[in-house]
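> I'd like to ask you about the structure that follows.
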Amino acid sequence: MLTTESNFAIALPDWLQSQANRRPHQQAIVSPDGAMTYDELMHAASNCAASLYDRGIRAGHRVAVAAKSSLLHTLALHALIQLGAVIVPLNWRLSPEELAFQLGDSQARALMYDDGARELADRIIKAFGRDIGAIAIDEHRRSQTTALASGPLASAPWRRESIQLSETHAIVYTSGTTGRPKGAMITYGNHWFSAMASVLQLGFDLEERWLVPMPLFHVGGMGVLMRSLIYGTTVVAHNGFDVERVNRALDEDGITIASLVPAMLSRLLEHREVPYPKTLRSILLGGSAAPRGLLERALTLGVPVNQSYGMTETNTQVVTLMSHDALRKLGSSGKPLANVSIAIADKDGVPTTEPDIEGEILVRGPSVIAGYLNRPDANEQAFRGGWFHTGDIGRLDDEGYLYVLDRRSDLIVSGGENIYPAEVESAIGKLEAVVEAAVVARDDDTWGQVPVAFVVIRGDRPLDLDALKMSWTKQLRERLAHYKVPKAFFIVDELPRNASGKLLRRELRELVKR
């Protein structure tokens with residue numbers, strides 16, 4: 001582990017209570033489902049926390065949340081913070097079986113859901129196969145509407161007085177290179193130091209309005225919620241990405257910062273002919289590298305693009321490229337944030353900051369997670385020698401700018417979503433007639449990349465290959481998130497391997513390009 005109790009042995013006044021006192025009428029969250037000021041959010045979260053306490057939820061308990069409404073997701077997150085419970089945000093794009101695993105691995109005591117995820121919640125519970133408390137956020141919010149009036153809140157046995165930075169706030173699951181997801185344990189200290197580093201890099205506006213047109217279950221969305229809470233500013237959260245709605249928000253809603261992935265920005269600028277208002281001071285771009293053509297078009301329109309590098313394990317961005325360097329340092333993710341150290345492991349595994357040495361990217365700093373839940377093997381591999389070993393390959397130039405050369409070698413980034421081939425290959429291996437499979441990325445104009453599969457089948461090839469592939473696709477859609485399902489299957493006699501039997505994915509990637 002990189003963080004210790006001594007690192008975060010600090011208690012701060014509760015963030016939501018502080019903002020409700022300092023800026024009660026400041027909007028905390030604006031969404032298509034409604035808006036809340038900090039005072040309203042404080043009362044709503046307290047009411048929800050009281051209800052959860054009555055249902056047996058206590059500080060330290062883990063509670064899964066599946067909510068398609070940004071407003072209700074935010075309410076659930078803050079209620080659990082007030083209670084001292086740990087949120088397990090569920091990616092509702094995953095299959096019920098995938099999410100049931102997360103419930104079991106995290107030992108969740110309850111599953112909170114909204115109307116939009118009601119059917120999914122039923123399927124998760126069925127796949128889970130064991131009793132678990134199911135709590136409808138919508139019903140609770142409707143029953144508590146009259147309690148949103150301003151005024152002093154009554155004391156309660158669960159009421160927290162402070163935020164302990166060493167305390168775990170969330171367990172966010174990441175896809176695993178072995179096909180087994182890992183629960184990243186994110187502390188309040190991770191949020192605090194990430195917020196401090198971000199504001200030192202991007203600056204601060206007391207009237208900040210940070211647009212998040214992506215689901216809040218992602219660490220990127222949660223990071224914006226927590227940073228804005230610490231700052232006392234406003235989150236503008238859309239329930240998903242819509243080109244017209246986002247462009248309208250950027251033009252009319254006083255947005256100052258927006259978190260996007262390159263595929264989103266490309267669609268926004270596709271038919272754009274006029275610059276955005278001067279109030280927009282940063283587009284924080286993550287997920288994958290932005291192509292030169294996109295950067296040039298953005299700069300032509302005066303769009304302030306700040307590319308970044310980060311991941312769940314670093315609680316979002318740890319490296320950022322400022323817009324004035326976008327073309328001068330084309331392909332770079334920028335320099336590390338103020339409280340972050342970046343190094344490259346040389347051929348002997350020794351951390352170095354010497355320029356032009358290619359190797360694994362190492363990260364050190366207080367925004368790096370406390371570790372993986374229930375995974376001593378993964379912790380031993382990733383947290384060594386005081387560094388977090390990202391698995392990504394990169395280099396530093398002579399000015400200290402980071403270039404990411406390979407995103408975790410085999411990682412597929414599709415529309416900002418991470419897909420690990422091993423996870424998809426494991427699912428394909430369970431299908432009829434399949435001997436083995438290999439999944440690689442194919443470039444895609446819309447999503448950046450999409451997965452495709454090379455499959456070795458048993459016996460002679462069936463006469464109706466199309467029917468077999470359609471069957472595979474149907475079965476995989478029941479087991480995996482739709483973006484993980486291969487967009488094409490190629491039947492091969494054998495997979496390419498080297499002398500030691502290691503799969504040569506690069507040869508398959510070359511085949512896809514032809």
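The values are calculated or read from the model by the stated rules, or taken from the named source; none is laboratory data. Being a predicted model, the structure only gives us computed values, none of them experimental. Ideal geometry is used to build each Cβ from the backbone, glycine not excepted, and the neighbour counts take in all protein chains shown.
> Mind listing whichever residues of region 437-488 are touching a strand residue (DSSP E or B) at 6+ places or on another chain (Cβ under 7 Å), among the aliphatic types (A, V, I, L, M) and surrounded by 15 or more Cβ atoms within 10 Å (Cβ to Cβ)?
Hits for region 437-488 are Ala437, Ala438, Val439, Val440, Ala441, Val450, Val452, Ala453, Val455, Val456, Ile457.
> Given the criterion within 17 Å of Lys484 (Cα to Cα) and among the small types (Gly, Ala, Ser), identify the matching residue among Gly416, Gly391.
Gly416
> Quick check on this structure: which one of Arg442, Arg479 is of a type outside the set (Val, Ile, Thr), within 24 Å of Glu507 (Cα to Cα) and not assigned by TED's automatic domain parsing to the domain that holds Ala127?
The unique qualifying residue is Arg442.
> May I pose another question? Exactly one condition in (1) in a loop (DSSP other than H, G, I, E, B); (2) surrounded by 15 or more Cβ atoms within 10 Å (Cβ to Cβ); (3) modelled with pLDDT of 95 or more; (4) not aromatic (Phe, Trp, Tyr) is not met by Asp398; state its number.
Among (1) in a loop (DSSP other than H, G, I, E, B); (2) surrounded by 15 or more Cβ atoms within 10 Å (Cβ to Cβ); (3) modelled with pLDDT of 95 or more; (4) not aromatic (Phe, Trp, Tyr), the lone unmet condition for Asp398 is (2).
> Inside region 464-505, can you point out the residues that are closer than 11 Å to Ala438 by Cβ and without any contact (Cβ under 8 Å) to a residue 24 or more places away in the chain?
Passing the criteria: Pro496, Arg497, Leu504.
> Check every one of the helices (runs of 4 or more DSSP H) wholly within region 1-101 and list those with 2 or more residues that are in contact (Cβ under 8 Å) with a residue 40 or more places away in the chain and small (Gly, Ala, Ser).
Per the criteria, 38-54, 70-83.
> Then there's this: State the number of residues belonging to region 106-120 that are more than 16 Å from Phe217 (Cβ to Cβ), outside any loop (DSSP other than H, G, I, E, B) and not basic (Lys, Arg).
Looking only at that region, the number is 3.
> If you check every pair at least six apart or on different chains, which have Cβ atoms under 7 Å apart with a residue in region 206-229 that is touching a residue at least 12 places away in the same chain (Cβ under 8 Å) first and a residue that is among the aromatic types (Phe, Trp, Tyr) and assigned to a helix (DSSP H, G or I) second?
Between residues of region 206-229 that are touching a residue at least 12 places away in the same chain (Cβ under 8 Å) and residues that are among the aromatic types (Phe, Trp, Tyr) and assigned to a helix (DSSP H, G or I), the close pairs are Glu208/Tyr231; Leu229/Trp15.
> What's the total number of residues in region 121-170 that are outside any loop (DSSP other than H, G, I, E, B), farther than 27 Å from Ile186 by Cβ and at pLDDT below 80?
Going through region 121-170 one residue at a time, the tally reaches 7.
> Suppose we filter region 254-280 for residues that are in contact (Cβ under 8 Å) with a residue 60 or more places away in the chain and either among the hydroxyl-bearing types (Ser, Thr, Tyr) or within 26 Å of His191 (Cβ to Cβ) (or both); how many remain?
Within region 254-280, residues that are in contact (Cβ under 8 Å) with a residue 60 or more places away in the chain and either among the hydroxyl-bearing types (Ser, Thr, Tyr) or within 26 Å of His191 (Cβ to Cβ) (or both) number 3.
> Does Arg267 fit the bill of being surrounded by fewer than 20 Cβ atoms within 10 Å (Cβ to Cβ) and either assigned to a helix (DSSP H, G or I) or under 17 Å from the mean Cα position of the chain (by Cα) (or both)?
yes
> Modelled with pLDDT of 70 or more, in contact with a His (Cβ under 6 Å, 6 or more places away or on another chain) and surrounded by 15 or more Cβ atoms within 10 Å (Cβ to Cβ): does that describe Arg109?
yes
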